[in-house]
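The values are calculated or read from the model by the stated rules, or taken from the named source; none is laboratory data. Since we're looking at a predicted model, the values are computed, not measured. Methodologically, a virtual Cβ is constructed for each residue, glycine included, from the backbone with ideal geometry; neighbour enumeration extends over all protein chains shown. Accessible surface is based on the protein model in full, side chains and every heavy atom, while ligands, DNA and RNA are left aside. Shrake-Rupley method; radii C 1.70, N 1.55, O 1.52, S 1.80 Å.
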Amino acid sequence: MKRIIIAIILLFNLVGNAQDNSVEKNIFGIQTGLFGAWITNETRLANKFSLRSEVGMDLGLVVDYGDDVTSLFIPTIRMEPRWHYNLDKRVEKGRSIKNNSSNFLALNFIYSPDWFYISKMDNINVISTLSIIPKWAIKRNIGNSNFNYEAGFGIGYAVYLEDYLGDNGSTAVDLHARIGYTF
């Protein structure tokens, strides 16, 4: 009888501590970093796939004809399908996958419209662009809180949606390091 009670207690303990090896259904948060600030939403598409959408302000640099460099913030809209490829491995090692903490591969679609900008310099010509950037990144929680950090890198292509000196587009780089909070 003692063994049966111990077995039942162990079984409930294991079931109570087990994590579902799946991304969370819906996550809403905010993030900030060296290159801007964003409001984010991540929705589960399948067990290891999610769709991240965000709106925010990205930091850009402008060089004028006198070689003076100034910064500006421009609005961006992003859609990013993510494949969280190491969820099972993290759970096997007893690591948390709370708030989709994992390594992931993503395909980042970034629309930067010419709606407005914030800068101390006047008369800046912002070109509307659509960037498509495959990237690798990680996301981790800070301790057991809802604070998190995210870092990633990718190289892709930006298409200019307006005529820019007869050029159609160029190489685009997505380098991000962010700290955020998940609600």
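Just tell me the longest site-free run in the chain, where the sites are trypsin sites (Lys or Arg not before Pro) in a DSSP loop having at most 10 other beta-carbon atoms within 10 Å.
26-92
For the chain, restrict the atom set to alpha-carbon positions and state the Rg and Dmax in Å.
So, for the chain, Rg and Dmax equal 21.2, 86 Å respectively.
Choose one answer from Ser128, Ser119, Ser101: the residue with the largest mean-square fluctuation in a GNM of the chain with alpha-carbon springs under 10 Å.
Evaluated over the chain, the most mobile residue of the options is Ser119.
What is the percent carbon and sulfur in the accessible area of segment 64-183, measuring with a 1.4 Å probe over the protein chains and ignoring ligands?
Taking all protein chains in place, segment 64-183 shows 59 percent carbon and sulfur surface.
What FRET efficiency do you get for Phe28 and Phe109 if R0 is 30 Å and r is their Cβ-Cβ distance, rounded to the nearest 0.05?
0.90
Under a point spin-label approximation (7 Å from Cα along Cα-to-Cβ), what is the Phe147-Met121 distance to one decimal in nm?
3.5 nm
Which of Val91, Val69, Asn41 sits farthest toward the positive end of the charge dipole of segment 35-93, with +1 on the Cβ of Lys and Arg and -1 on the Cβ of Asp and Glu?
Val91
Per the helix-only calculation at 222 nm, which mean residue ellipticity applies to the chain, given -39500 (n - 2.57) for every DSSP H run of n ≥ 4 and division by its residues, nearest 500 deg cm²/dmol?
Helices in the chain give a 222 nm mean residue ellipticity of -3500 deg cm²/dmol.
Taking the Cα atoms only, what angle lies between the long axis of helix 2-17 and the longest principal axis of the chain, rounded to 10 degrees?
Between the helix axis and the principal axis of the chain, the angle is about 10 degrees.
At 0.36 nm per residue, and after removing the present C-alpha to C-alpha distance, how many nm does the segment from Leu51 to Phe183 gain when stretched out fully?
Taking 0.36 nm per residue and subtracting the Cα distance, the gain is 45.8 nm.
With the other protein chains left in place, how much accessible area per residue, in square angstrom, belongs to the chain at a 1.4 angstrom probe?
61 Å²
Quote the relative contact order of the chain in percent (integer), defining contacts as alpha-carbon pairs under 8 Å separated by 6+ residues.
RCO, the chain: 18 percent.
Amide H to amide H, which residues 5 or more places from Ser101 or on other chains are under 5 Å from it, using H placed in the peptide plane?
none
Select from Asp114, Asp122, Asp68 the residue whose mean-square fluctuation is largest in a Gaussian network model of the chain (Cα-Cα springs shorter than 10 Å).
Asp68
For Gly169, enumerate residues with amide H under 5 Å from its amide H, sequence gap 5+ or separate chain, H modeled in the peptide plane.
Under 5 Å from the amide H of Gly169: Tyr160.
Please identify, among Val69, Val126, Val55, the residue showing maximal mean-square fluctuation in a Gaussian network model of the chain using a 10 angstrom Cα cutoff.
Val69
Lys/Arg Cβ at +1, Asp/Glu Cβ at -1, dipole of the chain taken about the Cα centre: which of Asn21, Asn141, Pro81 is farthest positive-ward?
The residue sitting most towards the positive pole is Asn21.
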